[in-house]
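*Asks:* This structure is in structure tokens; I'll ask about it shortly.
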Amino acid sequence: MSRKPLVIGVDGGGTKTIALAADPSGNILARRESGASNVNVVGLDGTARSLHRVITECCDDVRCPPDELTSIVLALAGAGDDVVRQRISDAVNELFAQEGRKPLPISVESDSRAALEGAFDGGPGVVIVAGTGSIVIGKTDRGAVLTVGGWGRILGDEGGGFFIGREALRSLALHLDRRGEATKLEDKLAEKFQWRTRADIIRAVYQEQVDLSRLAPIVLEAAAQNDIVSQKI
């Protein structure tokens, strides 16, 4: 089997997954999107299925079987561990094997490391990644790689979308309890999500498990309109 001179690069996080197919000159031939592919958010099965979908759709667009690509690079949030990366690669290949495909040329790396290498062409530098989560990663001129953050939404992710959304609801809760400042977030969230009462908010968070990162754009909008609470967040 000969490999075709085509590659697919995937950027996957806790909210969505984007895949691009390109030729050796860097010309983008296809772009596809699917749901989250952070293994800590959607699990191994959910991650593999999101990746399988975007890879398959890109291959359909460029009319190239997945197992004939030159390379597939998966840059994923939550993939900072060697064991996790291998599990993701194996899970994706298993889905393609069920279709009769041979093993794909898959490489898995953390999204932050991929961003660092891409931004500085392998050289020294520092990158701040603030998506659903957050992490800072840097490389010295001697090649040492250091990271700060990346602890996930329970332990950290300051500045990430989930953190911003969570702080917005915390601030709104304090206001509704008459323990915090008034904020434009009250009206904006009521308009966007119909959250008008304490019960509405509790139900959305604990029963419906709303994706709090969806609140981040609303906080940024309120901050731009001089809402003090949003600016503090």
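The values are calculated or read from the model by the stated rules, or taken from the named source; none is laboratory data. Keep in mind the model is a prediction, meaning the values are calculated, not measured. Virtual Cβ from ideal backbone geometry, glycine too; neighbours counted across all protein chains shown.
*Asks:* Which of the residues spanning region 203-233 are modelled with pLDDT under 90, assigned to a helix (DSSP H, G or I) and out of contact with any Phe, Trp or Tyr (no Cβ under 8 Å at 6 or more places or on another chain)?
*Replies:* Arg203, Val205, Tyr206, Gln207, Arg214
*Asks:* Another one. Could you please let me know if Arg214 is without any contact (Cβ under 8 Å) to a residue 12 or more places away in the chain and of a type outside the set (Val, Ile, Thr)?
*Replies:* So Arg214 does not fit the description; no.
*Asks:* Among the residues of region 41-55, is any more than 22 Å from Thr132 (Cα to Cα) and at pLDDT below 90?
*Replies:* Taking every residue of region 41-55 in turn, none turns out to be more than 22 Å from Thr132 (Cα to Cα) and at pLDDT below 90.
*Asks:* Taking region 192-206 on its own, how many of its residues are under 21 Å from Phe163 (Cα atoms) and surrounded by 11 or more Cβ atoms within 10 Å (Cβ to Cβ)?
*Replies:* Residues in region 192-206 being under 21 Å from Phe163 (Cα atoms) and surrounded by 11 or more Cβ atoms within 10 Å (Cβ to Cβ): 10 in total.
*Asks:* So is Phe193 in contact with a helix residue (DSSP H, G or I) (Cβ under 6 Å, 6 or more places away or on another chain), aromatic (Phe, Trp, Tyr) and modelled with pLDDT under 90 or not?
*Replies:* No, not satisfied.
*Asks:* If you don't mind, there's one more thing I want to ask. How many residues are modelled with pLDDT of 90 or more and either of a type in the set (Gly, Ala, Ser) or in contact with a His (Cβ under 8 Å, 6 or more places away or on another chain) (or both) if we restrict to region 80-111?
*Replies:* Of the residues in that region, 9 qualify.
*Asks:* Now for a separate question. Among the numbered criteria (1) without any contact (Cβ under 8 Å) to a residue 12 or more places away in the chain; (2) acidic (Asp, Glu); (3) under 22 Å from Thr15 (Cα atoms), which one does Asp187 miss?
*Replies:* Condition (3) is where Asp187 drops out.
*Asks:* Let me spell it out: the conditions are (1) β-branched (Val, Ile, Thr); (2) at pLDDT below 95; (3) farther than 19 Å from Val84 by Cα, and Ile18 meets all of them except one. Which number is the exception?
*Replies:* (2)
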